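The values are calculated or read from the model by the stated rules, or taken from the named source; none is laboratory data. Everything numeric in this text was worked out from a predicted model, so none of it was measured. We place every Cβ from the backbone using ideal geometry, glycine too, and count neighbours over all the protein chains shown. Ligands, DNA and RNA are stripped out before the accessible areas are found, and what is left, the full protein with its side chains, is counted by its heavy atoms. Shrake-Rupley method; radii C 1.70, N 1.55, O 1.52, S 1.80 Å.
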Amino acid sequence: MSAGTVVLVGIAVFAVGCATGGTGLRDGGPARSGEAVARATPNAPSADASTASSSGTPLKKVDPVALLKADPKVSSEIKRDLKPCTGKEYPVDVSYGRVTGSPVVDVVINVLSCADALGRGSFVYRADGAKYENVFSDEQPPVYAEIDRGDLVVTKQVYGKSDALAYPSGEDVITYRWNGEKFTEQDRVHSEYSNVSDGGVQPAPATSQKN
């Protein structure tokens with residue numbers, strides 16, 4: 001988890017208008033093994049590109065690749081691998097929503113792998129005028145972050161030594177909440193999966209740990 005990094009970008013920031021406590025707006029869906037990476041967010045939206053928020057107010061998009069590459073807190077490995085999978089399609093998912101209590105919507109960015117669409121890193125940026133502050137980062141793959149009712153929810157697949165990529169042993173779902181200065185862990189649910197006869201997986205009872 002990283003906090004305090006300010007990144008300057010030369011693109012218009014968001015207009016206020018997402019409903020408080022909502023899940024925000026997402027470009028792309030959750031990362032799953034085998035999903036087409038072609039659904040990932042393109043690197044360079046036009047300056048007037050916008051999408052409607054839950055209240056109908058236009059919402060300016062960011063250039064997620066430029067934002068990550070300008071951030072000194074993002075590892076050189078992530079930056080080096082930020083290349084298009086096909087054409088101009090980068091393996092990046094972007095979500096817009098309120099998760100830090102700011103009057104301006106925050107940005108959640110997930111970086112995926114081109115080969116298997118597994119989450120390689122998750123980042124949260126807090127907007128402040130023309131600046132973006134990195135207030136959360138997790139580069140321990142596989143990882144995927146989402147906004148859920150005002151909380152940051154991070155899902156991490158758990159693999160054993162002999163697990164195939166498509167069949168993890170389980171997963172951890174961690175809920176973080178903004179305390180005014182940083183994200184703190186509120187809840188952690190661990191699920192273990194067992195094999196079934198058709199070769200798929202079935203979750204075993206989950207265990208929850210609240211802080």
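Some points to look at:
- Å² per residue, accessible surface of segment 120-181 at 1.4 Å: 46 Å²
- Using R0 = 25 Å, the C-beta based FRET efficiency linking LYS79 and ASP116 works out to 0.80.
- Compared with the alpha-carbon gap, the fully stretched path from ALA66 to VAL189 is longer by 40.9 nm at 0.36 nm per residue.
- Extending 7 Å from the Cα toward the beta-carbon at both LYS182 and ARG149 defines two label points whose distance is 2.7 nm.
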